[in-house]
Amino acid sequence: MILFPAVDLKNGQCVRLEQGDMARATVFNLNPAAQAQSFVEQGFEYLHVVDLDGAFAGKPVNAQAVEAMLKAIRIPVQLGGGIRDLKTVEAWLDKGITRVIIGTAAVRDPELVKAAAKKFPGRVAVGLDARDGKVAVEGWAETSQVTVLEIAQRFEDAGVAAIIFTDIARDGLLKGLNLDATIALADAISIPVIASGGLASIDDVKAMLTPRASRLAGAIAGRALYDGRLDPAAALTLIRNARAA
């Protein structure tokens, strides 16, 4: 189980949104590279980055901030937001991103995901963000009529590295992960699933380490880390001990 600290980028700054609403953004750090460095110092092994402006624009917007982070740290980084074609996938991987996350295009253009996953094995993840079980696209501004499971099943044999499943209703609100829905998805497909949206405290980390959640590949922590509700050292110690056991 990997705990991914999240860096969400808006106007070159590190922010957290509530329920994906750009109007409800809290700025936590003016310097994303320094924030990334701080997460490395806390002992995290893998960083989760989202170009929020890019998700709305349909192309990378905060590239400068992402590149500054890549220069500052040596741990793997997965990046989503505005990745809608093979050229963008390739460009980011060339720049040192370990894994790209395709969201909107996974719904609109599943062939892109399949082509990218085939060309770059193990380096393409799919971001599925759900509102009431239906997948939302375009930076969560629109809700499609397709369920998360329907989309996930399209990629069963495509070589996708992971599905990142976010419950929008909980995102940024510290209500706790929607583990029931996330585990149900993980049990229904063979692709590793990462939980996202609402991680609030050490109790969520403990719940991720219970036998029923054993198929989950990780969780993303955002606001709880930034406002001090989740102690990184305690969370990472729990995970390390669980791995050793």
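Brief remarks on what is shown
- Selection within region 37-67: residues that are in contact with a helix residue (DSSP H, G or I) (Cβ under 6 Å, 6 or more places away or on another chain) and open to solvent by 40 Å² or more (accessible area, probe 1.4 Å). The member of this set that is nearest to residue 217 (Cα to Cα) is 42.
- Residue count for region 214-241, restricted to those that are outside any loop (DSSP other than H, G, I, E, B), surrounded by 15 or more Cβ atoms within 10 Å (Cβ to Cβ) and in contact (Cβ under 8 Å) with a residue 40 or more places away in the chain: 14.
- Any hit, region 147-155, residues being in a helix (DSSP H, G or I), of a type in the set (Lys, Arg) and out of contact with any strand residue (DSSP E or B) (no Cβ under 8 Å at 6 or more places or on another chain): yes
- Of the numbered criteria (1) surrounded by fewer than 23 Cβ atoms within 10 Å (Cβ to Cβ); (2) part of a loop (DSSP other than H, G, I, E, B); (3) in contact (Cβ under 8 Å) with a residue 12 or more places away in the chain, the one residue 198 fails is (1).
- Given (1) open to solvent by 30 Å² or more (accessible area, probe 1.4 Å); (2) among the hydroxyl-bearing types (Ser, Thr, Tyr); (3) at pLDDT below 95, number of the condition residue 98 does not satisfy: (3)
- Residue 187 touching a residue at least 12 places away in the same chain (Cβ under 8 Å), charged (D, E, K, R) and in a loop (DSSP other than H, G, I, E, B): no
- Within region 9-36, the set of residues being charged (D, E, K, R) and within 17 Å of residue 51 (Cβ to Cβ) comprises 10, 16, 21.
- Against the test of being more than 20 Å from residue 83 (Cα to Cα), assigned to a helix (DSSP H, G or I) and open to solvent by less than 20 Å² (accessible area, probe 1.4 Å), the options 205, 113 yield a single qualifying residue, 205.
- Some residue of region 122-139 being assigned to a loop (DSSP other than H, G, I, E, B), surrounded by fewer than 15 Cβ atoms within 10 Å (Cβ to Cβ) and under 17 Å from the mean Cα position of the chain (by Cα): yes
Rundown of residues vs (1) under 18 Å from the mean Cα position of the chain (by Cα); (2) more than 16 Å from residue 42 (Cβ to Cβ), yes/no style:
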position	(1), (2)
160	yes, yes
173	yes, yes
178	yes, yes
183	yes, yes
186	yes, yes
207	no, yes
221	yes, no
234	no, no
238	no, no
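- Any hit, region 40-59, residues being closer than 20 Å to residue 232 by Cβ and without any contact (Cβ under 8 Å) to a residue 12 or more places away in the chain: yes
The values are calculated or read from the model by the stated rules, or taken from the named source; none is laboratory data. Just so it is clear, the model here is predicted, and its values are computed rather than measured. Cβ coordinates were reconstructed from backbone atoms using ideal geometry, including for glycine residues, and neighbour counts include every protein chain displayed. Accessible surface areas use protein heavy atoms only, side chains included; no ligands, DNA or RNA. Shrake-Rupley method; radii C 1.70, N 1.55, O 1.52, S 1.80 Å.
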